[in-house]
Amino acid sequence: MKATCAAAAAALAALASAYGSHPADAAFISRDALLRACSAPNSAQRADCEAYIAGVADTLLAGKDGPDRTLCLPAHARLRAVRDAVVGYLETHRGGPEVSAASAVTSALRGLYPCPAR
């Protein structure tokens, strides 16, 4: 878990520096900047994309008040497959160009991997 959080923090820093700074009230990373990283020819940028998505998923699953019961990743889920699914979701569920990557990935994960109704 600590390694994943560290990787996510490093990915966030790399993405933020690679795609420019934003005003203080804007997200560090926009959905569009994340999509550019996810589809970049550079394997390091694609790794940043995977680490970012993993960080959002881990944050939701660990949650401050316990696991997020709106997100249920399959036990056999692989990061590359989750990344591909999230990217596909983000490409078909567009919004404004400055939608935050964190909120977009959260929506994608919850839409793609909902928990069964109780």
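Things to note:
- At full extension, Arg69 and Phe28 could sit 12.1 nm farther apart than now, given 0.36 nm per residue minus the alpha carbon distance.
- Estimated inter-spin distance, Arg78 and Ala62, nm [label 7 Å along Cα→Cβ]: 2.5
- In this simple spin-label approximation, Glu98 and Cys115 carry label points 7 Å from Cα along the Cα→Cβ vector, and these lie 3.4 nm apart.
Read-outs throughout are calculated quantities, based only on the coordinates presented, and are distinct from any laboratory measurement. Quick caveat, the model's predicted, so the values are computed rather than measured. With ideal geometry, Cβ positions are generated from the backbone for all residues, glycine too; neighbour counts draw on all protein chains shown.
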